[in-house]
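Asks: What follows is a structure written as structure tokens; I'll ask about it next.
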Amino acid sequence: MRRDGAAVPGIVAEARQLVGAARAALASEPRPRALLADCARRLDQPLRVALAGSLKAGKSTLLNSLVGQDIAPTDATECTKVVTWYRYGSTPSVTAYADDDARANVVVRRGGGTHGLSFDLDRLTWDAPTPREVDHLEVEWPAAALAHTTIIDTPGTSSLSREVSRRTARLLTPAHDEQRREHRGDIAIPGADAVVYLLRRLDDADVRFLERIGTRTAAAAGTSDSPAPLGVVGVVSRADEIGAGRIDALHSARDVAARYARELERTGLCQAVIPVAGLLAFAAATLRQQEFAAFEALAGIPVEEVSAALLSADRFVRADVSLPVPPQLRAQLSERFGLFGIRMAVTLIRLGVRDSAGLAAELTERSGVDELRSVLDVQFGQRADQLKAHSALTALARVLIAYSGTNADGLLPRVRTLLADVHGFAELRLLGRLRTDELALPAADLGALHRLIGGVGIAPHLRLGLSVDATPAQLRAQAVAAARMWRARARHPLADQFTATACLTAARSAEGTLSLLPE
């Protein structure tokens, strides 16, 4: 079942049947049997979303801000150099795994002051005769955000250590990891269903890595072109640093994000690019009363004095700078909020924010994390079944190609048809393009199209722009009218190819919604 209580869509059921048929046909082959068993399990597990990006892009900080708790170490320690899986669990626990599945419990240490938690990997007691090297970590935590989504924190893709960078490649693009293929002598399948890719700047290394993610879909679908990957959202991370911590830093970051989005959409590598100040988002989620009082005190002195003190982080924390906040607390504010966050908090209090809850809400909104959550919900959360089915079908295709010559060969055409033709996949790709490419449609029609293809949610009443208590007859009438209108728009002689394709996609969405309504 999905979170909205709707039945599992047919694509998941058919993916499960195809995987089951392949397991039966390849039952005598140990390696494909294990790979296909993993495919089957993934269809019943929470969606797997990986956080990827270059070194020091802010992945762990963003994870903490999305979850709303301090569960990911952010210091450059050994634990940030291995892949770490964050799953829901009733009690907190951290376990280290070796590549042979040997395990060891990890001691979690929480520092004082502004220092977050850390995982102690120096003294591990393995359930094996000899010590092992850590392959990955698994964290179980009672966080609501993890109930429906497993988040995978990955090492930087541009680490100075090739082995550290390769760990991310093994998870997301194993077909390109030549060392693994030579060692194992067969294939591996990607470990994530969707990717949030953090960008500090858009360089060749980022583009190449995103291309590799897209290539895995093209190979499985049996095409030479690399279609847009279904589950890739870009984040301009540490967005407050783009404007050097100025109060208008996020406006600058939004312009940068729009440029990145245009460049990535041109090559079909990403569905959306959102600017986020992860440090501010997490600090806002964990704002303390003492910190609010400090911001109030700073808001009570002349603007010129605060501005002079905030010329640099070093100047702000100096003991010889006269401010109504102790230097130690100033250092805490600087580490947790950054100069941008301090300026923003002081400004908001001057504009009328009167309590810590109000300030936390305002800072959260301005950090960009709410917009990111909304995009992730529409692109990933509400379409978790489609993304999991897509991952399973992509993996199944790779297994069938690698282990050809059996009765399972007959399954491959159907798998490729599903990867190419499933309408939900087309909706996801169109939603991404609509963020940067303009259709030749009036604003009202453009809004209706965006809503119809699931831009604000996939429930029938949301797609059709009706209230939640609309009757089946009202929903049916609206869906029929929408299908007719968008098919007529698609046939307009002056419609360009993009507009015609978008209109056809909207028509199919209306027809799909119609098929879900009771007779």
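Asks: If I go through segment 454-488 residue by residue, how many of them are surrounded by 17 or more Cβ atoms within 10 Å (Cβ to Cβ), outside any loop (DSSP other than H, G, I, E, B) and in contact (Cβ under 8 Å) with a residue 24 or more places away in the chain?
Replies: 9
Asks: Can you tell me which of 208, 184 is within 30 Å of residue 385 (Cα to Cα) and at pLDDT below 85?
Replies: Just one listed residue meets the conditions, 208.
Asks: Right, next: For the subset of segment 8-39 comprising residues that are of a type outside the set (A, V, I, L, M, F, W, C) and without any contact (Cβ under 8 Å) to a residue 12 or more places away in the chain, which member is farthest from residue 192 (Cα to Cα)?
Replies: The extreme case among them is 28.
Asks: Kindly indicate whether residue 215 is more than 18 Å from the chain's Cα centre (by Cα), at pLDDT below 70, among the hydroxyl-bearing types (Ser, Thr, Tyr) and in a helix (DSSP H, G or I).
Replies: Answer is yes for this residue.
Asks: Take residue 222 and tell me if it is modelled with pLDDT of 65 or more, small (Gly, Ala, Ser) and more than 30 Å from residue 347 (Cβ to Cβ).
Replies: no
Asks: Can you tell me which residue within segment 150-175, out of those that are assigned to a loop (DSSP other than H, G, I, E, B) and modelled with pLDDT under 75, is nearest to the chain's Cα centre (by Cα)?
Replies: Step by step, filter segment 150-175, then rank; the result is 158.
Asks: Scan segment 308-327 residue by residue and report those that are among the polar types (S, T, N, Q) and either over 36 Å from the mean Cα position of the chain (by Cα) or modelled with pLDDT of 95 or more (or both).
Replies: The one that is among the polar types (S, T, N, Q) and either over 36 Å from the mean Cα position of the chain (by Cα) or modelled with pLDDT of 95 or more (or both): 322.
Asks: Run residue 319 past the list (1) without any contact (Cβ under 8 Å) to a residue 12 or more places away in the chain; (2) under 30 Å from residue 213 (Cβ atoms); (3) not in a helix (DSSP H, G or I) and report the number of the one that doesn't hold.
Replies: Result: residue 319 passes all but (2).
Asks: Can residue 448 be described as more than 30 Å from residue 32 (Cβ to Cβ), under 29 Å from the mean Cα position of the chain (by Cα) and free of Cβ contacts under 8 Å to residues at least 60 places away in the same chain?
Replies: Here the answer is yes, as residue 448 does meet what is asked.
Asks: Taking into account only those residues within segment 462-474 that are within 32 Å of the chain's Cα centre (by Cα) and among the hydrophobic types (A, V, I, L, M, F, W, C), which is nearest to residue 501 (Cα to Cα)?
Replies: Within segment 462-474, the match that is nearest to residue 501 (Cα to Cα) is 464.
Residues checked against (1) farther than 18 Å from residue 172 by Cα; (2) modelled with pLDDT of 90 or more; (3) β-branched (Val, Ile, Thr):
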{"site": "3", "(1), (2), (3)": "yes, no, no"}
{"site": "14", "(1), (2), (3)": "yes, yes, no"}
{"site": "19", "(1), (2), (3)": "yes, yes, yes"}
{"site": "29", "(1), (2), (3)": "yes, no, no"}
{"site": "37", "(1), (2), (3)": "yes, yes, no"}
{"site": "47", "(1), (2), (3)": "no, yes, no"}
{"site": "51", "(1), (2), (3)": "no, yes, no"}
{"site": "57", "(1), (2), (3)": "no, no, no"}
{"site": "70", "(1), (2), (3)": "yes, no, no"}
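The values are calculated or read from the model by the stated rules, or taken from the named source; none is laboratory data. Predicted model only: the values in this text are computed from it and were never measured. Cβ sites come from the backbone with ideal geometry, for glycine too, and all protein chains shown count toward neighbours.
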